[in-house]
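Participant: One structure, as structure tokens, below. Some questions next.
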Amino acid sequence: MPIIKNGQFVEDGWVTLEEGAAVPVEGDVIIPLEVALADVTALDGRTGKTALLISNDVDVEDHAELIAKADMVVLMLPAFTDGRAYSQAMVLIEELDYKNELRIKGDVLVDQALHMVRCGFDSFDSNHEIDLEVWNKALHKMSTTYQRTYEGDLQVRS
Amino acid sequence: MYVYDDFDEKFVRERAAQFRDQVERRLSGQLEEAQFRPLRLMNGVYLQLHAYMLRVAVPYGTLSSRQLRQLSMIASKYDKGYGHFTTRQNIQFNWPQLKDIPDILDDLADVGMHAIQTSGNCIRNVTSDQWSGVAADEVADPRPYAELMRQWSSLHPEFSYLPRKFKIAITGAVSDRAAIAFHDIGLQLLKNSDGEIGFRVLVGGGLGRTPMVAKQIRDFISFDDLLPYLVAILRAYNIEGRRDNKYKARIKILVHEKGIDDFRARVDDIFEGLDKEKLRAPKGEIERISKFFELPAYETLEENSPELAEARAANASFNAFVNRNVATHKKPGYSIVNISLKPIGGIPGDATSSQMDVVADLADQYSFGEIRVSHEQNLVLAHVKQSDLFTLWQRLREAELETANIGAITDMITCPGLDYCTLATARSIPIAQKISEKFADQSRQDLIGDLKIKISGCINACGHHHAGHIGILGLDKKGEEYYQITLGGSGDENAAVGDILGPGFSADEVAGAVDVLVDRYIELRESKSESFLDVVKRVGLEPFKEALYADH
Amino acid sequence: MAKKIKGDQIFTGQLLREGLVVYFTADENWSTDLQQAVVATSDDELTELEMKIESISHKNDVIDVYPFVVVRDEKGKLVPQHIRERIRTEGPSIDYINQPFKQNMNAA
């Protein structure tokens, strides 16, 4: 599936590291957190960009140093009803001051898109075929919010 | 009471429109049921035994007369002319059609109401003391804080897909009428030694198949830190709460498994790292909200007018009503009138459209246009002049709303049970009706005094049976309904979970079993002021077991 | 899908738009009348019915589909075996519209 970013499908240059494969020096690679943890030096001297793929049972605070080096973090959404990634995203951003691309991957659906955007996700890798028109409409169904998180152009209670 | 400004109205209307779009996509087949189900639940739409059910939020149990009339209209237009008030101070309609629900949500938005987060694994309607603002034993009115939490929790992006549902209750009084210890978070308003308003915070209470009394996580948190602290608790729960087993997913299990001290440390750790300034209520917001809850313009009156005393002396039924249903108001000359929705032999918590209209009219005439819903499934007129009580009672009588049984044995909390609910294992309402008829005699009810019976039609405990002085739980044994009885539960400031007495009873036996228990209590009590619950605490279960099972 | 329970079974569901309880009929449709339901008398027939329901084009119109056990009463009418399904078929067992309000027993 293509990646959604800024309301558009984009060509994705990222390659996810295959299981058991060695971390290459070149290329933009998404590396599972466990692989990066097993050999921290594997990330050193890379010429391409590095992303970390983090499952939703990981306490991201425990990996601040690694995350600080990442060009992208990919959080997992195994089921749209499992909201752990939302809190992981908030911790990444608010407590670890993470500022690079934040991707959510998995059971990504249009009806949760606004929640994702509001928790700081800015790219979306869905298992489903997404109708971009419906996606963009869903993002603009609400123009008001009571919480000051990633409110974008939403009007916030003040 | 709170009135929506343009912002709130826009929010609720947009939310209704968003749901309309989701319903259209579902009906056209673009959205699968599995994807739609959590969306409809977050708008209070269940699929029940016979039909859809729509649960409408009555935030902290406060309604205006206009809102109640609109609920009556919805009951007539889209349903079968009645609604059911619930233990979460909400109202349920039992027969709406999915295709009509977007229109109902628009009708609700017209009067500043919604069904947002009345179901789903998210933060539910914040409940409170039905006597908020007028109770004699109150530190401060909890409703402004409840309204603030309603706003804060609405469509919260981080907390809409929690491991399980999340219920918050708040009280401002010493006597807990909101059962805060049986909520995921319970808040008790306090003033510290500097006179600053804050909250005692309880966490991890709940009923269901694993009942637990909440534990204290903070003895005092200042108002400024309330929302950040709630975020810290919710975040700890969202990250660590169990998702492998639906029945172990509530925060009570997390708190229990971790221990309150470890859980507190985890919450404190998150709390310390938060950008609190960003999470606090906007400056001046609580003051803005509080203005809506300023008490109405009371007259200066004498307590206990001679006319009232005269009417009570002249009319025994009215006197019984005053004794049972009328409570002390903090303003002299005014009373709190509790309207029972538990007529003898009736359906606990149900009100017809015409009854809703009558109560709305009476609220306009006698109680500043405001109505409360209690978690015990009754209604309240919170500001009635004592000199109006007799006339009000006569009007209630015409609408068959004068049952004088608040807090008495026939004032039972009862879930809808197998007559409506897909989860139920046995019926609840017919059991309540049989008990109600058995104890119909007013003088016998008076003799018995305060006794709370709570009935659930399954282990999920929506009827709060664990917290009943007498709790009744309906189960299924090989296709037959049978009922387990517990004793000694309590939902107040001395919260306790009841203990199972022994083998269960058939549907026909339950009311008789309750009769036996009550007779035993009357024999055992040392004086009329020793309540059923006091006696159970003093003597334990044995004498009651003996009475019940001696012949079996 | 549901467990295979001994006994004759029929398939039920609820209409997506209205929520009403319906039963799968011999002409591959849904009826609110239990007596119209097609009865599976063996596991094979039950599986066959299940596949039929899966394959019909208006599948989206009915949700929460599952089978339950029925018996025949003395007049030969279909009756659900379990109380849950009996209440679901017949409606609430209480007089929910004309509630038997009060009486205040010792009214003056």
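The values are calculated or read from the model by the stated rules, or taken from the named source; none is laboratory data. Everything numeric here is computed off the predicted structure, so don't read it as measured data. Cβ atoms come from the backbone with ideal geometry, glycine included; neighbour counts cover every protein chain shown.
Participant: Please verify whether region C:40-48 includes one or more residues that are farther than 22 Å from B:Leu49 by Cβ, in a loop (DSSP other than H, G, I, E, B) and in contact (Cβ under 8 Å) with a residue 24 or more places away in the chain. Break it down stepwise before answering.
Facilitator: Applying the first criterion (farther than 22 Å from B:Leu49 by Cβ) to region C:40-48 yields C:40-48.
Adding the requirement that they be in a loop (DSSP other than H, G, I, E, B) leaves C:41-42.
Subsequent filtering for residues that are in contact (Cβ under 8 Å) with a residue 24 or more places away in the chain retains C:41.
Among the residues of region C:40-48, at least one is farther than 22 Å from B:Leu49 by Cβ, in a loop (DSSP other than H, G, I, E, B) and in contact (Cβ under 8 Å) with a residue 24 or more places away in the chain, which makes the answer yes.
Participant: Being in a loop (DSSP other than H, G, I, E, B), in contact (Cβ under 8 Å) with a residue 12 or more places away in the chain, out of contact with any Leu (no Cβ under 7 Å at 6 or more places or on another chain) and facing chain C (nearest Cβ under 9 Å) narrows it down to one of B:Thr403, B:Thr410, so name that one.
Facilitator: Numbers: B:Thr410 fails: facing chain C (nearest Cβ under 9 Å).
Going through B:Thr403, B:Thr410 in turn, the sole match is B:Thr403.
Participant: Considering B:Thr425, B:Thr352, which residue is among the polar types (S, T, N, Q), within 25 Å of B:Tyr483 (Cα to Cα) and within 11 Å of another protein chain (Cβ to nearest Cβ)? Outline the logic, then answer.
Facilitator: Values: B:Thr352 fails: within 25 Å of B:Tyr483 (Cα to Cα).
On inspection, the qualifying residue turns out to be B:Thr425.
Participant: If I ask for residues that are crowded, with 19+ Cβ neighbours inside 10 Å and assigned to a strand (DSSP E or B), which ones from region B:198-215 would you list?
Facilitator: Matches in region B:198-215: B:Gly198, B:Phe199, B:Val201, B:Leu202, B:Val203, B:Gly206, B:Met212, B:Lys215.
Participant: Quick one: count up the residues across region B:266-321 that are surrounded by fewer than 16 Cβ atoms within 10 Å (Cβ to Cβ), within 14 Å of chain A (Cβ to nearest Cβ) and outside any helix (DSSP H, G or I).
Facilitator: 4
Participant: Here's something else I'd like to know. So, in region B:277-308, exactly how many residues are farther than 28 Å from B:Thr62 by Cα and either among the β-branched types (Val, Ile, Thr) or modelled with pLDDT of 95 or more (or both)?
Facilitator: 0
Participant: Then there's this: B:Ile435 fails exactly one of the following numbered conditions: (1) facing another protein chain (nearest Cβ under 10 Å); (2) in a helix (DSSP H, G or I). What is the number of that condition?
Facilitator: Unmet condition: (1).
Participant: Please identify the pairs in which a residue from region B:31-48 that is among the β-branched types (Val, Ile, Thr) has its Cβ atom under 8 Å from the Cβ atom of a residue that is part of a helix (DSSP H, G or I), counting only partners at least 6 apart or on another chain.
Facilitator: Pairs found: B:Val45/B:Leu98; B:Val45/B:Ile101.
Participant: Restricting attention to region B:67-85, and to residues there that are within 12 Å of chain C (Cβ to nearest Cβ), touching a residue at least 40 places away in the same chain (Cβ under 8 Å) and of a type outside the set (Gly, Ala, Ser), which single residue is surrounded by the most Cβ atoms within 10 Å (Cβ to Cβ)?
Facilitator: The residue in question is B:His84.
Participant: Now for a different question. Is at least one residue of region B:239-256 closer than 27 Å to A:Tyr146 by Cα, in a helix (DSSP H, G or I) and without any contact (Cβ under 8 Å) to a residue 40 or more places away in the chain?
Facilitator: yes
Participant: Taking the residues in region B:502-552 that are basic (Lys, Arg) and in a loop (DSSP other than H, G, I, E, B) as candidates, determine which candidate is modelled with the lowest pLDDT.
Facilitator: So in region B:502-552, the residues basic (Lys, Arg) come out as B:520, B:525, B:528, B:537-538, B:545.
The next check asks that each one be in a loop (DSSP other than H, G, I, E, B); those that pass are B:525, B:528.
Details: B:Arg525: 98, B:Lys528: 94.
Ranking the qualifying residues of region B:502-552, first place goes to B:Lys528.
Participant: I would also like to ask the following. If you take the residues of region A:38-80 that are in contact (Cβ under 8 Å) with a residue 24 or more places away in the chain and β-branched (Val, Ile, Thr), which of them is farthest from the other protein chains (Cβ to nearest Cβ)?
Facilitator: Checked region A:38-80; the qualifying residue farthest from the other protein chains (Cβ to nearest Cβ) is A:Val40.
Participant: On to the next question. Going by the structure shown, is B:Asn192 within 14 Å of another protein chain (Cβ to nearest Cβ), out of contact with any Lys or Arg (no Cβ under 7 Å at 6 or more places or on another chain), of a type in the set (S, T, N, Q) and surrounded by fewer than 22 Cβ atoms within 10 Å (Cβ to Cβ)? Before you say what the answer is, go through the steps one by one.
Facilitator: Details: within 14 Å of another protein chain (Cβ to nearest Cβ): no; out of contact with any Lys or Arg (no Cβ under 7 Å at 6 or more places or on another chain): yes; of a type in the set (S, T, N, Q): yes; surrounded by fewer than 22 Cβ atoms within 10 Å (Cβ to Cβ): yes.
Criteria not met by B:Asn192.
Participant: Return the total of residues in region A:8-44 being more than 30 Å from A:Asp131 (Cα to Cα) and either among the polar types (S, T, N, Q) or in a helix (DSSP H, G or I) (or both).
Facilitator: 10
Participant: Given the criteria away from chain C (no Cβ under 14 Å), of a type in the set (Lys, Arg) and part of a helix (DSSP H, G or I), does B:Arg13 qualify? Give the steps one after another, and end with the answer.
Facilitator: Values: away from chain C (no Cβ under 14 Å): yes; of a type in the set (Lys, Arg): yes; part of a helix (DSSP H, G or I): yes.
Yes.
Participant: Just give me the residues in region B:320-336 being within 16 Å of B:Gln394 (Cα to Cα), hydrophobic (A, V, I, L, M, F, W, C) and under 21 Å from the mean Cα position of the chain (by Cα), in sequence order.
Facilitator: Once the filter is applied, which keeps residues that are within 16 Å of B:Gln394 (Cα to Cα), hydrophobic (A, V, I, L, M, F, W, C) and under 21 Å from the mean Cα position of the chain (by Cα), region B:320-336 yields only B:Val326.
Participant: How many residues does region C:13-52 contain that are of a type in the set (A, V, I, L, M, F, W, C), within 14 Å of another protein chain (Cβ to nearest Cβ) and surrounded by 18 or more Cβ atoms within 10 Å (Cβ to Cβ)?
Facilitator: Filtering region C:13-52 down to residues of a type in the set (A, V, I, L, M, F, W, C) leaves C:15-16, C:20-22, C:24, C:26, C:30, C:34, C:37-40, C:46, C:49, C:51.
Narrowing the set further to residues that are within 14 Å of another protein chain (Cβ to nearest Cβ) leaves C:15-16, C:20-22, C:34.
Still in the list and also surrounded by 18 or more Cβ atoms within 10 Å (Cβ to Cβ): C:15-16, C:21-22, C:34.
Selection size over region C:13-52: 5.
Participant: Also: Does at least one position in region A:84-91 carry a residue that is crowded, with 19+ Cβ neighbours inside 10 Å, facing chain B (nearest Cβ under 9 Å) and within 22 Å of B:Glu33 (Cβ to Cβ)?
Facilitator: No; the residues of region A:84-91 include none that is crowded, with 19+ Cβ neighbours inside 10 Å, facing chain B (nearest Cβ under 9 Å) and within 22 Å of B:Glu33 (Cβ to Cβ).
Participant: Something else: Please specify each residue of region A:128-158 satisfying the condition of being at the interface with chain B (Cβ under 7 Å from one of its Cβ atoms) and part of a loop (DSSP other than H, G, I, E, B).
Facilitator: Listed by number, the residues that qualify are A:Lys141, A:Met142, A:Ser143, A:Tyr146, A:Gln147, A:Arg148, A:Thr149, A:Arg157, A:Ser158.
Participant: B:Leu341 passes all but one of (1) among the hydrophobic types (A, V, I, L, M, F, W, C); (2) more than 22 Å from B:Asp141 (Cα to Cα); (3) outside any loop (DSSP other than H, G, I, E, B); which number fails?
Facilitator: (3)
Participant: Ok, one more. Just need a number here: residues in region B:438-480 that are within 14 Å of chain C (Cβ to nearest Cβ), surrounded by fewer than 21 Cβ atoms within 10 Å (Cβ to Cβ) and closer than 19 Å to B:Leu49 by Cα.
Facilitator: Going through region B:438-480 one residue at a time, the tally reaches 4.
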